[in-house]
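The values are calculated or read from the model by the stated rules, or taken from the named source; none is laboratory data. Everything numeric here is computed off the predicted structure, so don't read it as measured data. A quick note on method: Cβ atoms are made from the backbone with ideal geometry, for glycine too, and the neighbour counts reach across all protein chains shown. Accessible surface is based on the protein model in full, side chains and every heavy atom, while ligands, DNA and RNA are left aside. Shrake-Rupley method; radii C 1.70, N 1.55, O 1.52, S 1.80 Å.
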Amino acid sequence: MLKYTTRTLRRQKMKTILVTGGAGHVGSHIIEQLISTDPNNNVISLDNYFTGKVENHIVGAEYRVGHTKDIFKHIKETPDIIFHLGEYARIAPSFQDIEKVYDMNILGTFQVVEFCRQKKVSKLVYAASSTKFAIEGNGRNQNPYSFSKATNVDLINNYGAWFGLPYAICYFYNAFGPRENSDPNYGTLIAKYERAWLNGEKLKVVKPGTQKRNFTYVGDLARGIIQVAQKGNGDGYALGNTNSYSVLEIAESFGNNIEFIDGYPGRAESGEAPNKAREEFGWEATVNILEYIDDFCSQNKKVRPSKKVLS
Ligand SMILES: NC(=O)c1ccc[n+]([C@@H]2O[C@H](COP(=O)([O-])OP(=O)(O)OC[C@H]3O[C@@H](n4cnc5c(N)ncnc54)[C@H](O)[C@@H]3O)[C@@H](O)[C@H]2O)c1
């Protein structure tokens, strides 16, 4: 009898949480925190492995391979929460990849939002991009990636208004930290700089180098989006470090082997996004990018080629 009661209580406590893009950089940290804070969470990832990696898998989660546009086929459960991160996620190559952007972000996200409406999911939490706040709010038109992300924000806000969809929207600023992707096409700046530094190559800085970014630790982003899932409602949860640094400052902090290169189109300074995560529950970023780079360089200096090779 006692055994039955305990099992019943456990079953009541278990939450099914879907993370789209769970094999990606930020998604893997969300899964890690969800499992470590409550091992009763039944965490499922849906990822098409476009940039996701098996090495990012976290023990305790279930990984399903699939595109978000096929979410009805892959997810028979009704999750309590969906963290929707599974989208094409890079600016510079999004011009040449516009078909992929449309397919993965516009077609895929429409099905995710419909799934939430039809299955009455209690909360959809979307990882939007802060790039839409650039150029006095016109940043959405800078490039295909920003356009798709801002369009999905409009879609989700409208589903809230039209159908009463429960949702919250976060805006991420440049993520850095463990499991960051250093791929030459789809990698992020800090991971590419780490790789170049380790290989003794020059760090490429897009001219003029004075462009600033609010680099934000991936563990802070994951903690923030989970808090937004628990306490947030609607649009406007910016998750960005208040300190910003220019790309040149970042490159210089690794050492002085720098090469200036011509810029790619489609990216202006990040703009200010609404700050509800700080106002409503005091979210703050805890890791400074320059200290992180300093630690990385001290920990890895032994595996770096000698100065002779570098010069
Ligand atoms: N990293 C940042 O600085 C940043 C900034 C703003 C917004 N975001 C958003 O946060 C999310 C995660 O970013 P990330 O940096 O971890 O990127 P990432 O590329 O590491 O992760 C995205 C994951 O989604 C998967 N994916 C892509 N399209 C999919 C689809 N249609 N169906 C299923 N899986 C799909 C990829 O394989 C990958 O595993 C993205 O939506 C991105 O637009 C990230």
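Worth a mention:
- Simple spin-label estimate for residue 246 and residue 295 gives 2.7 nm between the two label positions (7 Å along the Cα-to-Cβ direction from each Cα).
- Straightening the chain between residue 107 and residue 303 buys 66.2 nm, computed as 0.36 nm per residue apart minus the Cα-Cα spacing.
- Heavy-atom accessible area with a 1.4 Å probe sorts 84, 57, largest first, into 57, 84.
- Residue ranges 183-193, 136-146 sort as 136-146, 183-193 when ordered by packing (mean number of other C-beta atoms within 10 Å per residue, highest first).
- Nearest-ten-degree value, helix 289-300 long axis tilted from longest Cα axis of the chain: 70 degrees
- For residue 15, the lysines whose Cα falls under 17 Å of its own Cα, not counting residues fewer than eight places away in the same chain, are 76, 119, 120, 123, 231.
- Within the accessible area of the range 11-310 (1.4 Å probe), percent carbon and sulfur: 50 percent
- Helix 108-119 and the longest principal axis of the C-alpha atoms of the chain enclose an angle of approximately 20°.
- In the full protein context, the chain carries 48 Å² of accessible surface per residue, based on a 1.4 Å probe and ignoring ligands, DNA and RNA.
- Relative contact order of the range 11-310, pairs being alpha-carbon contacts under 8 Å that are 6 or more residues apart, as %: 17 percent
- Here the translational diffusion coefficient of the range 128-212 follows from Stokes-Einstein with Rh set to the Kirkwood radius across Cα pairs; for 4 °C and 1.567 mPa s it amounts to 84 µm²/s.
- log10 of Debye I(q)/I(0), alpha-carbon scatterers only, for the chain at 0.09, 0.14, 0.16 Å⁻¹: -0.46, -1.08, -1.39
- Largest first, the residues 78, 16 sort by 1.4 Å accessible area into 78, 16.
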